[in-house]
Structure formats: structure tokens, C-alpha cells
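The values are calculated or read from the model by the stated rules, or taken from the named source; none is laboratory data. Model, not experiment: these values are computed from the prediction. Cβ placement follows ideal geometry from the backbone for every residue including glycine, while neighbour counts extend to all protein chains displayed.
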Amino acid sequence: AQSVSQHNHHVILSEAASLELGCNYSYGGTVNLFWYVQYPGQHLQLLLKYFSGDPLVKGIKGFEAEFIKSKFSFNLRKPSVQWSDTAEYFCAVPEGNTPLVFGKGTRLSVIA
Amino acid sequence: ETGVTQSPTHLIKTRGQQVTLRCSSQSGHNTVSWYQQALGQGPQFIFQYYREEENGRGNFPPRFSGLQFPNYSSELNVNALELDDSALYLCASSQGTANYGYTFGSGTRLTVV
């Protein structure tokens, strides 16, 4: 079965620092990949998704992710984080009848 | 366009009781999926309903059951509650099962004591 690993449990960054959150999925073939964000007290929102084509995907709020098939990875990046980026970030991939298999999430805390 | 609404927002139940959680899908969406998010974990898929039929189920016991109504709203029922059922229950709706435009609700926080 497909599984998603997010190795960073909690990341603490200063404002303006660069961000990279890791995501690995367990097996290849055709994959669709997603990053979701959950701001405190809010619902899950889609940040970006990859279906095919350019492996560098741009999302909302200045986020981007790069699909590297050989590494089974889909890491999330942002050049300069803001305090408002404090949230929990989830990587997800569909499998069979399961709409989304989620990773355990990475909590990002941005400090002034 | 309305989003996904879930009720209630918080609930406390006693072990052994039964609970029903409700979800109103986004306008125009005919598919609803449910997830359980335990503390410190990512959401785990429970099941999905498409046009009132269950069409996918995760690794959850039969005491987790659901319904989808003609207006595409949905219920999640959990019987014989256990302490480990304490979690945030999320509902997501979409248009069809192959369209990945999921809209999530804010969830119901269930505490079993």
C-alpha cells in the first residue's frame, strides 16, 4: 500500500528564512501529489498539486514543490517565510479507492 | 458557493455510546469522504460515498458506518465508542471520485471519556 513519509515533525524558522519540507511516497508509477495546509483553527486547504508535466509546481502564497521521480519525493519550498505561514503542512497521494493517503504532517512555527 | 459544513464542532461522549456526525457537502459536489485525524497524526481515510453508495473504505472496523442522502449530505456513525476514537473527524466533498478538487470542512472534535 502507498505510504507517505514526512520526516520533519516540527520546524521552527525565523521570518524571512527559507523553507523546505520533505515528503517521500513509497512507490512509483503514475502519481498525483498534493500539499495541504491547515492553519490554526481552520480547515485543510490545498496549497498545490502535481498531476503531470513540469515537475516544478507553483502553488498559492508563494509555495512551490518539486517532483523528483527517481527519489520518490515531492518537497515543499518557500524562499522566505512569514509569520502567517505558521501552520501544519500535509503531503498526500491518492491510492486506489483511497482519495488521499496523508503523511503525518509537519508543524511549522515561524517566529519574529 | 458555500463550503463544507460539519456539525457539531465539538462533542464529548462516554465509552460504549454511539455518535452521529454530520456533513453538508459543497454546492455541486456529489462525493463525500470522511477522515479521522488523531492528535499529532495526518488524516486517515475512513470511507467515501458517491451518489449515496459507499465506493471506498479504509482500514476501519464495521462499527464505523455512514450514509449519504439524496442532497449529497452525509453522516458518519460510530457505535460502541472506544477511547481511541477520540479524534478530529474531517469531511471532504468533491465533484466525482476522480476529480481531486476536494473541499474540506473544519471538522468535528470528538472526545470519548
Taking segment B:32-55 and the residues there that are of a type outside the set (Gly, Ala, Ser) and within 11 Å of A:Thr98 (Cα to Cα), the one that is modelled with the lowest pLDDT would be B:Asn55
For segment A:87-94, check the following and say yes or no: at least one residue is within 18 Å of A:Val110 (Cβ to Cβ) and away from chain B (no Cβ under 13 Å).
yes
Which of the residues that make up segment B:27-41 are of a type in the set (S, T, N, Q) and either buried (at least 24 other Cβ atoms within 10 Å of the Cβ) or on the phi > 0 side of the Ramachandran plot (or both)?
B:Thr31, B:Ser33
List every residue pair whose Cβ atoms sit under 8 Å apart, with the two residues 6 or more apart in sequence or on different chains, where the first one lies in segment A:57-83 and is at positive phi and the second, anywhere, is of a type outside the set (Lys, Arg) and in a helix (DSSP H, G or I).
A:Lys61/A:Asp85
In segment A:20-47, which residues are in contact with a helix residue (DSSP H, G or I) (Cβ under 9 Å, 6 or more places away or on another chain) and under 19 Å from B:Thr97 (Cα atoms)?
A:Val31, A:Gln45, A:Leu46
Conditions (1) free of Cβ contacts under 8 Å to residues at least 24 places away in the same chain; (2) assigned to a loop (DSSP other than H, G, I, E, B) -> B:Phe45 fails only (2)
Out of (1) within 15 Å of A:Val4 (Cβ to Cβ); (2) in contact with a Ser or Thr (Cβ under 7 Å, 6 or more places away or on another chain), the one A:His43 does not meet is (1)
Of (1) at pLDDT below 95; (2) at positive phi; (3) within 10 Å of the chain's Cα centre (by Cα), A:Gly96 satisfies every one except (3)
Could you say whether any residue in segment B:101-113 is of a type in the set (D, E, K, R) and more than 14 Å from every other protein chain (Cβ to nearest Cβ)?
no
Filter segment B:58-113 down to residues that are over 16 Å from B:Thr5 (Cα atoms), assigned to a loop (DSSP other than H, G, I, E, B) and of a type in the set (A, V, I, L, M, F, W, C), then give me how many there are.
5
